[in-house]
Structure formats: structure tokens, C-alpha cells
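This report concerns only the one structure given below.
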Amino acid sequence: MEREKRKDGICLRMENISKQFPKVLANENISIYLKRGEILALLGENGAGKSTLMNILYGLYRPTCGQIYINNHEATLLSPKDAISLGLGMVHQHFMLIENLTVTENIVLGMEPGSWGFIDFKKARKIVKELSEQYHLFVDPDAKIEGLSVGQQQRVEILKALYRKATILILDEPTAVLTPQEVDGLFVVMRSLQERKVSIIIITHKLEEVKAISGRVYILRRGKLAGERVTKDISKAELAHLMVGRDVVLTLNKENRITEKKPGFTLQNLFVKNDNGVTALNNLSLEVCPGEIVGIAGVAGNGQKELEEVLIGIRRIEKGNILLTGKNISRYGVKKRIQSGLSYVPSDRYRYGLFLSMKVSENILASSLDRKPYVNGINLRLRVINRRSEELVTMYGIKTPSVHEPVSNLSGGNQQKVILAREFSREPVVLVVSQPTRGLDVGAIEFIHSEILKMRDRDTAVLLISMELEEIFALSDRILVLYEGSIVKEFDPGKTSHKEVGYYMTGGGER
Amino acid sequence: MKKYLTWSLIFCFILFTGTLVIAMPQGEKKQDNIMVSIATDIGGLGDKSFNDGCYAGLEKAKDELGMEIKVVESKQMTDYVPNLSGLAEDGSKLVFAVGFLMADAILESAQHYPESYFAGIDIWIDPASAPKNVLGINYKEHESGYLAGIVAGLLTKEYVTISPKLNNNNVLGMVLGMDIPPVERYQAGFYAGVMSVNPDCTVISIVTGVFDDQAKGKEATFVLAEQGADIVFQIAGLTGLGVINGAKEKGIFAIGVDVDQNYIAPETVITSAEKGVTESTFLVIKSVKEGSFKGGQNLVFGLNEDSTGISPYHGFDSVIPQKVKDKVNQAISDIKSGKIVVPSTRVEAGYNQ
Amino acid sequence: MTAREILYKYRVIVFILLFLLAGSGIILYITSYFAGLLFILLAIIIYYGFHFLLKDKRIVLSEIKSIAKKMLIPLAGITIAVLIGAVVMIITGYNPLTAYGALFYGGFVKNWHVSLLNAAPLIFTGLSVAFAFKAGLFNIGAEGQYYIGAMAAAGLGIYFDWHPLVTIPVIFLAAGLLGSLYNFFPALLKVKTGAHEVITTMMFAHIARYFSSIFIRNFGGDPSTSSHPYVTDPVLPSNWLLRFKDMFPWANYRLHSGIIIAILTAFFVHYLLSYTRIGFEIRAVGSNPAAAKTQGISTGKTVFIALMVAGFLSAMAGVNQVLGLDHKLYGNLSTGYGWNGISVALLASNHPVGVIFTSILWGALDAGGQYMARTQEVHNSIVEIIKGTVLFLVVARYLYTYWGQKRKKKETCNE
Amino acid sequence: MNDFFTLFNVELLHSTIRLSTPITLAAVGATICERAGIVNIAMEGLMLIGAFTAVFFAYITGNPWIGLLAAVIAGGIFSLLHAYATITLHLDHVVSGAVLNILALGLTNYLLILAFGHPGTSEPVPVSLAEYQFAVPFLSQIPVIGPVFFNQRPIVYMSFLLIIFFTLFLYRTKTGLHVRASGEHPLAMETIGVSVYRIRYLAVIISGLTSGLAGAFLSIENSNVFTSGMTGGRGFIALAANISGGWSAVGSFLASLFFGFAEAFQYKMQAARLLDLPSELFVMFPYIATVIAVAGLVRKSRPPKAVGLDFRIEKQAD
């Protein structure tokens, strides 16, 4: 058996890997192997332990126990440095690029050409140029990262790995931020790398991608290996079953309610600048009616962040108006907007959503602790607060030992539910939801989707901002495509395809 | 975790009881010698001024009179009373309180410990209400300042030829620590001294605001030198060390304060305006030993008591013209006889600073 | 009837007894009778013994354990620091046992009143620092606000002649408001330009210190020593804080009611932080300012409130010293209350009630250090080293988990 | 008004340089430290340690250069505590710095008594570095600039060289690039195999070394004794200089010059007596200038993204 594997050109084996984090066992006794020149998929839900496993392989985390063999030699990976020297390269889901440095600097960082400790910038530039031509990954070597699109940034990441002479390339959710067109481009790159005998591990939770690109697939479920399959021998449904551990209803019961157009939530000719003072939202107008979900599709960095910030009221409007049931709220502060009936589920729940060190009860009622019945004068009425938060905890099925637990002790899904409970229970007129399911497992996703639909059924105007086209298609009554800060196209989800929307997401409509 | 917890608690408990057992039965030792002690103010020892001077007096008493001595440095205002009364409790026959900040504390302690004597340096007590075992010791710093002013005032104008370090600008400088009474007395006296021999002279003062930052003293001296001053009088405690060093660097003269500071820079410090803390401390200790201590009053040490004055010229003795020395001696006898009354404040001196 | 039932029947009497015991213990101890501490200890033991008999033993045990757990890190830090201090003393040729004996005896028994006098202003400045910390701000310049408070107290105290029940609260309030106003500028700069409060409050502290000299010059002076004042005129005796001696003849004559005000203030701050809307908003901003914004909490406003309340509290420390202890304002002293306030706040993990205890500990270390220096001739900067080490070891909480993790690492795989 | 303009002369520049040198040295250390992501407010304490060690070793050996070396090393060693606390133990940076300042003050006071037998101030060192003043040939002949910049003492020259060195270091060397990257995106550094811990330790130690040098300047170059607490808030002003200087070595230098200038100017104003104001108002002036500079300049530049933030690789997995 052992000999057989070697004959097949096994370049990597991980055996009996376990990883214990302070509160969770992220990997439990996982063994995998990789053949030279193969594209291997690692499939699993969010939180299944895929990234942890790859971070262990990359030397970023230390396994609690288990061994790693690279080219049949046991490897002690104390840091990414060791991993890199053994020919491993990794493109992380959140790019590891330093924004205010140039492409060249980012690529050569850590292995800079030059002598006496000085950097030879000329030589570095030349190397980068050659490398990008060699692999047909074109980027401007002198551009700063902050000015590049996500797709280009990904290219820089791949170049970074190739510059380090990677023979095993790990791609962590590489398609999450790409448009369908860019995904195709990525696959082309991957295949050409495969031809050059680079082995690739791709982490994903999307079944189509597994089918489209990989030769073999490992399925992880809740930190354990749930199976190993050759891709062409397995159907999507089987994969899904292995991944989730039960049958999944892949489509939601979405009954398309036809509503008469009442004024709900209207944005008129919005102009907004980003942190660097560059126009991020450019003459953006849209309308959401009560009882309707409008999905904003778009590639990350086209103004989504600014849009959600400007809606909740923490970013300044340069020009334009926001109307809520006909009332102009553009000059309102956050508090007044909340009181007018705006609710908001932020895309970055740690930054904008939660007070990690504070109690569940304080988080779940954070925006209501300035009014009756929760306060009396300046006193907090703790008994009322506790009772109400216990109600909400039960209502939204939040798993927590008590409402006095700090939110930081909850799992990601339960943390998101805390936010949902807070925002949804306010009975909002308008609900802005951004990336509501990022990083959550299927169970939590189903729950959250159904809650959003419930809100719609209660005649709330819902604006859904998401990078995941599946989510947009599954929930929206209308799809608007956001490109470079403007709405470029409107679609009916029933009458269009991912491909077509993707085409407009990348600016296809302008050409 | 539990194990560590138990152990640390047990340990703390042992420590607690242990210290209790050890600490409780502390009795006072009986001394054969008379004990004298000082409680410094928050400036502490090493201030090169009255705390150190007083301590030197104690050490002298130890050597010459065989006294037992003790010193406590106070850290905060709240420490003054417990330190003073604690020293009395420890069997000190005489307790010195150094610095005007302890004025209230010394009275309080004296009331509670009538068996001990208390002496306050730079403290003015009210003879009518103060207990009889407390003594206020004050100095006529302005007299020292006056004499130093005469020397400086003459050298900077009439005798510029005696040294290349002097110039024709007729400007003198002073560097002050904080603007507090003893400092002001020196300042006023110095100004009056200068004016008495050299009324046209420009006298510039700079306040550094600190008593312990040499860098600032030095900088102030440089500025004075640039303004044309050729002799700088420092009244700034440790900041003054920077003044003397600065004067040395700039090639001008300095006048030291409180004690003879010629040793710091023999080529630079022409003389020092002294305040005989050491001597007067010793005198008071002696009076206790001899049984002649008389409290409930203020002692003011000045020229008449040989406690103020200027120090020897050391290396400059041959350089300084006899006329200057004569003027100084004349002033000394005039002050002693009451012919000259040296002003002790800027207002009296007419120094419009 | 079992003993348990009898106890239960007479529980009211037991509690009254306990209350009396603890109350008289506190009064005795605060008015410098060491035996009072034994009363308090006895009361605590009886309380737990009573619970132990009446309730489920496990509950009582876990209660004790959870308290002990909270105390573990501070106690461990103090213990290690004491050991380090002992090593330093041995190296430099002192006997640590007698030195520590004197430290303890001086701080908690002999000069206990000094410990309390030291602690009172520390509680105020400690609360000030802790309060700002809760909003994520570092009020490093508490000393400056202290001066402002002291100046206000001296200025008003000299001229404000009325019934003390009116004047004293008014002085506290006025001084506090001036202290808040003084912190208004750092807050304004923080909100408008993002200038870090560590720098601005620090610089403002220097400015206040120098300003106090000018103030004193204009408010009195003692004509018998010099026409040039270095301390203000004394405040009117009617404006002095009540002294314990007036109520309990045996108390040390210097002890004044400032410590009571300080402790009450600490509890009030605790109430403010944990049980009010303002407190919630402050903690929310301290925990996550961006999220606080999205919940409609104005971070700018909270910064103002936090820094201004901090200024108020520090200014109270100044009032406490001027009206309670010195009865006049001395010029240009570096009191160190600002720095020590940071220490006690950090040591108490910014818990207002904890600040009371850490302040008393700090006060006792200072008082005991003086006593130690006097009786054992050990220089009292050793106390500063012990303080610094305690602080470092307690603040670096993660140290213990870090050591614990290293030990634990090997265990997981062996199963 | 003419009197006012006569205040601005070469002497003022000289004075400015002298007063700003310790601030410059500490500020440039702070720049490196903050660029790597660590806030260091312990510089006040580091300077004290450096100043004490310098005097102690210069006193016992009689050689100020040994004192200088010892000061730098001691600053580096003491800064390891800050590095250990903030990097390995993940303590809040400001808290750790504040604690170390308190510790350093107690430690130097105690050592002062042990070494010299009395508190307050040390014995003067036999030879101070001030005696090694030398003029650079030719360059010192340039009017105005020459005497100010090229007729100086050793540590002042060192501070000039260090400004150039650290500017080159930050923008031209590999380690400098790593330092900048560590303060922007530490995890990214870790993923390419560069230990952020190591870089940050290095940066903190560099700030310790320069602060130690600044301390040596105060005690054995500008003066010849150590005085308890002699740094007098310069560490905080250095922090302010670093921030108003926009986190760059040259900027820190310019801001330090400004603060030095404010102080020098204050003395000149006192001496010139153009304004009849209480002396304390003049003494306050540099502090007010600091506040204004920090408030006015801070918005112009962007701090390193990860400055002051704790970094651990193994964050809790999602």
C-alpha cells in the first residue's frame, strides 16, 4: 500500500491531525494525502475545520497532535517559514496583503532580493515582471494594493506563492469574492499551474466548484473527515449529504408575494466618499417597497461597505437623500434612524455588531437601552432587561448558558443570532442586511434565511447586500447590480442566470 | 487551578500571621546615647541644600558629641506627622523638621510629645501659641545674597579686566528653581547687593520651575550668557548643578548657593552665598546636650550668628581685588551693626521682575 | 429541634449581631483601632459559618471559591512581588522578615490612620482613571485635575462662609465641575482631531501644576514669613470636613470623613457604571466604539462624559486634601496622586469597588514603608519596587494562563 | 518689536538642538516601535534607566564611553520587559508602559541609594561626554548651519546619524520593510514566514536602545550627575513628537526640534522680559505648544493600521 502511494507520486501526507482550540476541537484525527500535480478539493461547511487544517499544514497553527509528511519526509512545521521552504504556498481567504505597499513589495516581502540587508528594488521589480509574464498573471508591479480590484489582489497572492517556488498551492475559498467570470479565469490559471506539476488544494463549500475543477475531494464535517471521493464518481446530492450529514433542501420555499408599490425605502442620487476621500457611491438610487427583498449583488469593494455605513448613519452623505416611508432621514443620526424604524445587520459582526466583552443581555438590547421600559430615568431596569433578553434568547434559539454570559463565549452562529434578535425584534420598517450568513454553518444559514423571509412577510422592506450570488438568488424579489458605486442593472431572479448577473457585476454592462 | 489556589491562600495566610507575630511585640530599644533625628521633606536627602545640610549637622554631632542619629525621608505630605511623632516615640530627644511644608506637622507633633524637642528649619512658629518644646529656625538668606551681589556687582563693571571671562555688558543673571520664599530672599538680597555698588547693572532672572532638572538649569544659563551676563547666581538646588556646568561651558562665572560649591567647578564658582544649616543644626543639638535648649521661639540665623555669608574665594583669592573684599567686609559690619537692612522680598528690594 | 432549626428560627437575631459586630468593627478600625479588624474578620467567619450550617454546603463553598478565584491573581501577584522584594532585601543586606513585619505593623496597625489618609485621595484618582478606562480612555493626567480641584477648594474655602452643610457640598460640586471643565479640552481635541488623550491630559497636568503657583500667589500667603506666599491662606474652619475625633474621641485627630466620602463615591461610580444607561453607554464604547455607533450611541458624547466625569472625580481628590487634611493649598508639589491613581485602578481591573481596596493597600504600603524606613532603616524605595512588581505581575494576567498552557500542551494527545 | 526679532539667532538654534536631542532620540525609537505596531509609553522609564546606568558606569570606570554603552544596553534590556508583556503576554500596550514607568522610577531610586549611598542625586561623573565636543572640519564653517549642526557633542551627532540610519532602515532595508509591514498587517507577515513576534521584539528593543541613549544624553552629556526622576516628562513629549511627526524618523526629528524650540524660546522670552507675565506662564508654554502640535498635526497622517492592537496567530477559529 505504502509503495503504491509512492509510485503515484504522493507529495504530501497529513496523518492523524488533531487541533484543540481553547474551546473547540477544530480537527479530530484527520488523515489526508495529496498527489503531485493533482487538484484536490477540501469540501465542508463553514466551521468544519478546513481552514484550520490548512493553516496547520501551512505552519501557522501547530497541531495538537499528528504528523505531516512532505515528499515522504516527516516535516516539523513550526512556522510558515518552514512550510514555504518545503514548497508550500497558501492563498488565504482574507488576503494577506499590506495595503499601503506596492505589488512588488508585497510579492517579495520576506524574501527580498538584495545584499547587506538592503533591498534591490530594481531587481525585485524585474523578477515580479518576469514571473507575471511567465504565468500569465498580469499586474502592475508598481501599483499599491489599495488601488487594485479583488481579482487582481488574488493574482498578487498567487504570484506571492509562486515567487516562493511553491509546488503545493493551497487556495482557501478563492472564489468567495470573485464574479463567475473571474472564477472561470481562476480555473484557467489553476489548470495551467497543474500542467506545470503544481499540486493544488482548494478549500470550498461550493459543490459546483468541486465538480468543476477538482480531481479528488475530501469532505470534512464538524472537524472530522466524512469521506474521500473521486470527483467524477460522485453526484452533487451525495456530496451535499456527506458535507452536511443530512439531506439538504437546496431551495427555499419562497412564495413570491406580489405587493402593490407603496413607498418604503428610497435612496435618491446618493454620493458618498470612502475613507480615502474617493467617491465610493456615485449617484446611487434605489427603492425598496414594504414586503419586498431587494438584493444588492456586486463584487466586494464596489461600495457595499460604504452603502451599509451610510444607511445606518455612520458615514457622511456628500449629496443625495435617503427617504423612509416618504420622510427624509438623510440628516438623521444613528439613534433617530433607529427610532424611525431602521434596522441593520452588519457584514462585519465583530466590528459593527457586537460588544464581545459584554453580556448577552446587554448586546441583545443594546439599541433599546435608552427608552422605556428598559430604563427609568437613568436607571437600567435590570429585571425587565433580563426577562426580555431571556425571551429573545428562547425565541431565536440562541445557545447560551445564561443571558449574563459574555458574547465572546458564544459560537459564531449564536453571535449572529444575537444580532438578528436585536435587530429583528425591533419590528423595523426597513431592514438592511449585509452578508448575514458569512462564515456560518448550514443550519444557521437556513435559520437566518427563514427569519429574513419572515420579516418580509411582515411587510418589512428588506435590503440584502451580499457577495454570495446563491444567497441573493435564493432570497431576493429583485436583484440590483452594484458596480463602482452605482446600480447598473436590475434583474428579476426568476428570469436571469448567475452568469448574466456576474457579467454586469464586473462592469460588462458598460462595454 | 484549584491546587494553586489553595496553596497560595495557605501561603498568604502563613505570611499574614507570621508578620503579625513578628511585628506585634516590637518594643523600643533603650539607648544610652541621646538620639537626634531628622525627618526630611519630600525633597529628600541629596538635595544639596537644607536637607543635606541638616543631615551634615547631625553627622557632625555624631562625631563630636557622640549622638545617635536617625533620618527618615518623607514621601508624601501625609507622612510628616507620623514621621515626626514616630521619631519622638522612638526616643529621639530632638527631632528636626526640614522645610516650610512641615510647619503644621511640627506643631501637631510637639503637642503630642512634650518630652521631645522639635526644631523646624525654615519654619516660622508663632511664639505666642506654639508649645514650649518647639523651635523655629530661620535664615537671613538675603544677607548672603547681598554679599554675593556686592561681589558680582563690582566684578561685572569695575573690575572686568581681572579675568577674560568677564565682559563689558554690565549684565548679571540669576537662575531660580521655584519661586518660593528662601529663593526669593536670596534673589532680593542679591539684587539689593548689586544695586548698592552698581546701580546701572541689568539683573536678569530666569525661573526654571524645577529643583531637579540640570538640563533646564544649563539652558537657562546659556540664555543668560547670551544676554551678556558674565556672572550667574544659581538659587535652584539640583537644577543649579546644571547652571554651574553651563557657566563652565560658556566660560563665565557662577555663584553657588547654600553651601560652598566651589568644589563642583573650581575655575567657575567664584564664591557661594552660604546658609549655615549645618552649623546651626549643630548648635541646636549642642544646646540640647548642654540642657540649654529653649523652645517656643524663633531663631533667626544671620551674619551675627555667623550662619550666613559668602564662602572663601578659593582659587580666586589672589584674583579678586582687595577693594572688593573691603567692600564686602564693610557691608558685613554694616549689616551686623544694623546700618544696612537688607531687603528680604523683591518688593522691598524694588526688583521689578 | 436540631441546631439547624434553632439557628434558622433566630436568624434575625444572628444577623443583627453580625451587623453590630461588623459595624462596630469597621468604626473601630477606621478610627485606628486595630482590634476592629478582628471584629470584621470574626463577622465574616460567622456569616459564612452560618450559611454553611443553614444552606447547602456546596453552594457556600462555591461562593467562597468564586470570591477566592477573583482574588487569586492579585494575591498571587502580591505574594510573588513580596518574595522578589525579600530577595532584593537579602541581597542588599537587610532582614526581610523584620522589614516586612515593620511594613505590615506600620501600615495596618500602628499608622493605620496614615494609610487611610493616603488612601482617600487615591480612591478618587483611582476611580477617575478607572472610569475613563471603562470607556477605553486613559486619563493619565489625573494629577492636573487634582490641582484644579484643590485650587477651587482653596479659593472657595477661604471666602465661602456659610453653614458647612451648604458650603462643603457646594465646594465639592464647584471644584468637580471645574475639574470636568478642565478635561473638556482634551475631550474636545480627542473628538475633533483625534489627538490622543495620553498626551493631551499629560500636558494639561503640567500646565495645571504651574498654574497652581500663580493661583497661590493670588490667594494668601503667610505675612510672618514672607510677603511672598507659597501656601494659600487656610480655609475657614467651618469648611473643614468633619473629623472622626469629633464623633469618636479615641480616633486619631487627623482622620477626617473624606475616606467615607471616597468610599461612598466608589459605590456611586459602581452604580453609575453597572446600573445606569450612561454607564452602559460608556462600557459599550469602551468595548467596541464602532459597534456602539451603529447602536445609536454617540461615541463623541461618551468620550466627553467619560473624561469629564473622570475630571470631576480627580478634582474631588483635591478637595478632599484641601478641606480634609491640609486645610490650605501648598505650592507646586508633585503629589504623585495621578500616577498612583493609575496603579490602583489597574490593580483593581478598573472595578470601582476594587479601587477602594487597592487604594488602601497602596496607602498602607506607603505608610508602612515609612514606618519600616524609620524603625528598620531599610530605605523605603524598596516599597516602590514592590509596588511596581505587584502591578506588573497583577496586570500581566495572561502570564498565569500562559504558564498554565505551556504545562497543559502535552496532555491532550496522550489519550 | 525689534527686540522680539533679535531673539531669533544662532544661540536659539543651538539651544533648540540641545533641548531637542533627548526628545529626538526617544521619538525616533518610538517611530520604529509604533511602525512595528507596539505603542511604547514606557520611554520615560527607559530614559531614566539609561540615565542612571550611564552615570553609574561612567562613575566607577571613569570613562563616559563605557557609561554610554552601558546606558544603551540597559535601555535595551529594560525594554525587553515591555516587549515580553505586550508581545508574549498580550498585555495592553499603554497599561504595560505606564506600569514600567512606575517600576523604573522606583528601581532607579533604590539603585541610586545602593550605588551612591544617598537618594536624590548621584556623585558627578569624573569625565562627561561634553568634553568630547568637536567641530567637523569645513562643514562647521558654513554660516548659521555650521556651528549649530557641526560643532556638537557625540550624542548629538549620533542622533543626526540615527535619523539618517533609521530613515534608510525603514525604507531601504529588508528588516525595515518587515517592520512597516508588521505594523500594518501582522498576520500577513506571519503567513510569509516572517516572525512578527521577532520583528516586534526587535522594534521594542530598538526603542529601548535609543531611549537609553537619550537618558545618557541627559545624565552624562548635558549634565554630569543623575537626579531622581530627571527625565521630567520628556518621554511623553517624545511620543507626541512621533505622532505629530507622522510616524517617520525625519518627521519625528522635525517635531522634536519644534518642541525643543518651544522650550528654548521660552527661556529667551523670560530673559528678554518683553512681556510682563508670571514666570510660570512661560514655563507652561512648551506644554501648550505640544498640545497644539499634536492636535493640529495628527490628522495629516495615518497611523500604522495595527498599532496598539494585540496580535496572536491562533485566534479562536470561527
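Within the stretch A:113-121, is even one residue under 27 Å from D:Phe165 (Cβ atoms), facing another protein chain (nearest Cβ under 8 Å) and in contact with a His (Cβ under 9 Å, 6 or more places away or on another chain)? Scanning the stretch A:113-121 turns up no residue that is under 27 Å from D:Phe165 (Cβ atoms), facing another protein chain (nearest Cβ under 8 Å) and in contact with a His (Cβ under 9 Å, 6 or more places away or on another chain). The residue that is farthest from the other protein chains (Cβ to nearest Cβ), counting only those in the stretch B:127-179 that are among the acidic types (Asp, Glu) and part of a helix (DSSP H, G or I), is B:Glu143. From the list A:Ile452, A:Ile445, A:Ile419, A:Ile479, the lone residue that is open to solvent by 30 Å² or more (accessible area, probe 1.4 Å) and not acidic (Asp, Glu) is A:Ile445. Checking each residue in the stretch C:85-119 for being out of contact with any helix residue (DSSP H, G or I) (no Cβ under 8 Å at 6 or more places or on another chain) and either part of a loop (DSSP other than H, G, I, E, B) or open to solvent by less than 10 Å² (accessible area, probe 1.4 Å) (or both) picks out only C:Gly93. Looking at B:Gly57, B:Gly120, B:Gly99, B:Gly44, just one residue is within 12 Å of another protein chain (Cβ to nearest Cβ), under 14 Å from the mean Cα position of the chain (by Cα) and at pLDDT 85 or above, and that residue is B:Gly120. For the structure I just gave you, tell me whether A:Pro113 is surrounded by 22 or more Cβ atoms within 10 Å (Cβ to Cβ) and touching a residue at least 12 places away in the same chain (Cβ under 8 Å). Considered against the rule, which asks whether it is surrounded by 22 or more Cβ atoms within 10 Å (Cβ to Cβ) and touching a residue at least 12 places away in the same chain (Cβ under 8 Å), A:Pro113 comes out as no. Only a single criterion out of (1) under 30 Å from B:Lys339 (Cα atoms); (2) crowded, with 24+ Cβ neighbours inside 10 Å is not satisfied by B:Lys216, namely (1). Residues considered: D:Ser279, D:Ser219. Of these, the only one that is within 14 Å of chain B (Cβ to nearest Cβ), within 23 Å of C:His206 (Cα to Cα) and open to solvent by 10 Å² or more (accessible area, probe 1.4 Å) is D:Ser279. Within the stretch D:93-111, the set of residues being free of Cβ contacts under 8 Å to residues at least 60 places away in the same chain, more than 20 Å from D:Val39 (Cα to Cα) and within 7 Å of another protein chain (Cβ to nearest Cβ) comprises D:Gly106, D:Leu107, D:Tyr110.
Quick check: is even one residue across the stretch B:227-244 out of contact with any strand residue (DSSP E or B) (no Cβ under 8 Å at 6 or more places or on another chain), open to solvent by 10 Å² or more (accessible area, probe 1.4 Å), at pLDDT 85 or above and in the same structural domain as B:Ile150 (by TED's automatic domain parsing)? Within the stretch B:227-244, not a single residue is out of contact with any strand residue (DSSP E or B) (no Cβ under 8 Å at 6 or more places or on another chain), open to solvent by 10 Å² or more (accessible area, probe 1.4 Å), at pLDDT 85 or above and in the same structural domain as B:Ile150 (by TED's automatic domain parsing).
Looking at the stretch B:296-326 only, could you name the residues that are touching a Gly at 6+ places or on another chain (Cβ under 9 Å), touching a residue at least 40 places away in the same chain (Cβ under 8 Å) and surrounded by fewer than 20 Cβ atoms within 10 Å (Cβ to Cβ)? Answer for the stretch B:296-326, where residues must be touching a Gly at 6+ places or on another chain (Cβ under 9 Å), touching a residue at least 40 places away in the same chain (Cβ under 8 Å) and surrounded by fewer than 20 Cβ atoms within 10 Å (Cβ to Cβ): B:Gln297, B:Asn298, B:Leu299, B:Val300, B:Ser311.
Of all residues in the stretch D:225-254, those satisfying the criterion of being over 23 Å from B:Asn245 (Cα atoms), within 12 Å of another protein chain (Cβ to nearest Cβ) and hydrophobic (A, V, I, L, M, F, W, C) are D:Phe236, D:Ile237, D:Ala238, D:Leu239, D:Ala240, D:Ala241, D:Ile243, D:Trp247. Between B:Ala192, B:Ala188, B:Ala110, the distinction of being within 26 Å of B:Leu303 (Cα to Cα), modelled with pLDDT of 85 or more and either part of a loop (DSSP other than H, G, I, E, B) or more than 10 Å from chain C (Cβ to nearest Cβ) (or both) belongs to B:Ala192 only.
For the stretch A:291-337, a residue qualifies if it is open to solvent by 10 Å² or more (accessible area, probe 1.4 Å) and among the aliphatic types (A, V, I, L, M), and the qualifying residues are A:Val299, A:Ala300, A:Ile314, A:Ile317, A:Leu323, A:Val334. A single entry from C:Val378, C:Val395 fulfils the requirement of being open to solvent by 10 Å² or more (accessible area, probe 1.4 Å) and either in contact with a helix residue (DSSP H, G or I) (Cβ under 8 Å, 6 or more places away or on another chain) or more than 19 Å from C:Leu117 (Cα to Cα) (or both): C:Val395. Among the residues of the stretch D:131-154, those identified as modelled with pLDDT under 80 and open to solvent by less than 30 Å² (accessible area, probe 1.4 Å) are D:Ser140, D:Gly146, D:Val148. Take D:Phe236 and tell me if it is open to solvent by 10 Å² or more (accessible area, probe 1.4 Å) and hydrophobic (A, V, I, L, M, F, W, C). So D:Phe236 fails the test. For the stretch A:464-484, the set of residues classified as within 18 Å of the chain's Cα centre (by Cα) and either within 26 Å of A:Met395 (Cβ to Cβ) or among the charged types (D, E, K, R) (or both) consists of A:Leu464, A:Ile465, A:Ser466, A:Glu468, A:Glu470, A:Glu471, A:Ala474, A:Leu475, listed by residue number. Hey, can you tell me all the residues within the stretch C:182-215 that are closer than 23 Å to D:Arg302 by Cα, under 24 Å from the mean Cα position of the chain (by Cα) and either outside any helix (DSSP H, G or I) or within 9 Å of chain D (Cβ to nearest Cβ) (or both)? Those that are closer than 23 Å to D:Arg302 by Cα, under 24 Å from the mean Cα position of the chain (by Cα) and either outside any helix (DSSP H, G or I) or within 9 Å of chain D (Cβ to nearest Cβ) (or both): C:Pro186, C:Val198, C:Ile199, C:Thr200, C:Met202, C:Met203. Scoring A:Gln93 on the criteria (1) open to solvent by less than 20 Å² (accessible area, probe 1.4 Å); (2) under 24 Å from D:Met189 (Cα atoms); (3) part of a loop (DSSP other than H, G, I, E, B); (4) more than 10 Å from chain D (Cβ to nearest Cβ) leaves a single failure, condition (1). Which one is farthest from C:Phe357 (Cα to Cα), of the residues in the stretch C:241-273 that are modelled with pLDDT of 85 or more and within 13 Å of chain B (Cβ to nearest Cβ)? By that ranking, first place goes to C:His256. Taking the criterion of being open to solvent by less than 30 Å² (accessible area, probe 1.4 Å) and touching a Lys or Arg at 6+ places or on another chain (Cβ under 6 Å), the only residue of the stretch A:66-88 that qualifies is A:Ile84.
Contact map, the stretch D:250-278: first residue touching a residue at least 40 places away in the same chain (Cβ under 8 Å), second residue surrounded by 21 or more Cβ atoms within 10 Å (Cβ to Cβ) and of a type in the set (Asp, Glu), Cβ cut-off under 6 Å, separation 6 or more or different chains; pairs are D:Tyr267/B:Glu219.
The listed residues are D:Ile163, D:Ile205, D:Ile199, and the only one of them that is at pLDDT 90 or above, assigned to a helix (DSSP H, G or I) and in contact with a His (Cβ under 9 Å, 6 or more places away or on another chain) turns out to be D:Ile199. In this structure, is C:Ser238 touching an Asp or Glu at 6+ places or on another chain (Cβ under 8 Å), farther than 30 Å from B:Met178 by Cβ and either at pLDDT 85 or above or outside any helix (DSSP H, G or I) (or both)? When the stated conditions are applied, C:Ser238 passes them. Of the residues making up the stretch D:155-186, those that are open to solvent by less than 10 Å² (accessible area, probe 1.4 Å), within 12 Å of chain A (Cβ to nearest Cβ) and closer than 18 Å to D:Ser252 by Cβ number 4.
The values are calculated or read from the model by the stated rules, or taken from the named source; none is laboratory data. Quantities reported herein were computed from a predicted structural model and do not represent experimental measurements. Glycine gets a Cβ as well: all are built from the backbone with ideal geometry, and neighbour counts include every protein chain shown. Side chains are part of the model used for accessible areas, which takes the heavy atoms of the whole protein and leaves out ligands, DNA and RNA. Shrake-Rupley method; radii C 1.70, N 1.55, O 1.52, S 1.80 Å.
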